[in-house]
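J.: Have a look at this one.
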Amino acid sequence: MSTELPEYYFRVRENGAAVFRIDTENRQRRIEMDQIAVVNMKNGEVKAHGERSLSEADMAEIRAWMDRRAELLARREIDDIHRAVDHLNLTTQWAQSKASDDQLEEVTDALLMAMHDLRTVLVRKKADRLSKG
């Protein structure tokens, strides 16, 4: 572990983060985390915590974190889709080779509806792309 602590800590929340300034320059040499802001990734809003005002350096660090976080979430999202494709293939193999009649009865209607919905959206989106280009 590095001996130098970052100046800011971002506690990830469902739609963003709570932003803390790290302080080790105190008499007890303890790590103190002072909340300075709340970030909402959905709307890009940064709200100062309490009566604080955020400096330009604070805002620059927060915006840089927001950019990095958005990139990470985008990478995760596409990775999840690739995993879904793999899972569909595994599901096909399971249905063909391992599933009992009772198991198939339990999941067939839900799978067919989900696959129909997905196919409808994908075909419509592909048609839109082809008509544009």
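Read-outs throughout are calculated quantities, based only on the coordinates presented, and are distinct from any laboratory measurement. Because the structure is a prediction, the values reported are computed rather than measured. Cβ sites come from the backbone with ideal geometry, for glycine too, and all protein chains shown count toward neighbours.
J.: Per DSSP helix of 4 or more residues, -39500 (n - 2.57); summed, then divided by the residues of the chain. What does that give at 222 nm, rounded to the nearest 500?
T.: Computed mean residue ellipticity for the chain: -20500 deg cm²/dmol.
J.: Under a 10 Å cutoff between Cα atoms, tell me which one of 17, 110, 70 has the largest fluctuation in the Gaussian network model of the chain.
T.: Of 17, 110, 70, the most mobile in the Gaussian network model is 110.
J.: On to the next question. What Kirkwood Rh does the range 33-107 have if only Cα atoms enter the pairwise 1/r average? Answer in Å.
T.: 16.3 Å
J.: Expected output is a single nm value to one decimal: the length gained when fully extending between residue 128 and residue 82, i.e. 0.36 nm times separation in residues minus the C-alpha distance. What is it?
T.: Value of the extension gain: 14.3 nm.
J.: What number in nm² do you get for the chain if you take the convex hull of its Cα atoms and divide its surface by four?
T.: About 15.3 nm², averaged over all directions.
J.: Which of the trypsin sites (Lys or Arg not before Pro) found in the range 54-118 are loop residues per DSSP with 13 or fewer other Cβ atoms within 10 Å of their Cβ?
T.: 98
J.: Could I ask something else about it? So what's Rg/Rh here for the range 1-78, counting alpha carbon atoms and using the Kirkwood radius for Rh?
T.: Numbers: Rg = 13.7 Å, Rh = 13.5 Å.
Ratio of gyration radius to Kirkwood radius for the range 1-78: 1.01.
J.: Against the longest principal axis of the chain, how steep is helix 101-132, in degrees 0 to 90 to the nearest 10, with axes from Cα atoms?
T.: Once rounded, the angle reads 70 degrees.
J.: Scan the range 1-71 for GluC sites (Glu not before Pro) in coil per DSSP, keeping those whose Cβ has at most 15 other Cβ atoms within 10 Å, and list them by number.
T.: Sites meeting the loop and neighbour criteria: 4, 7, 14, 25, 51.
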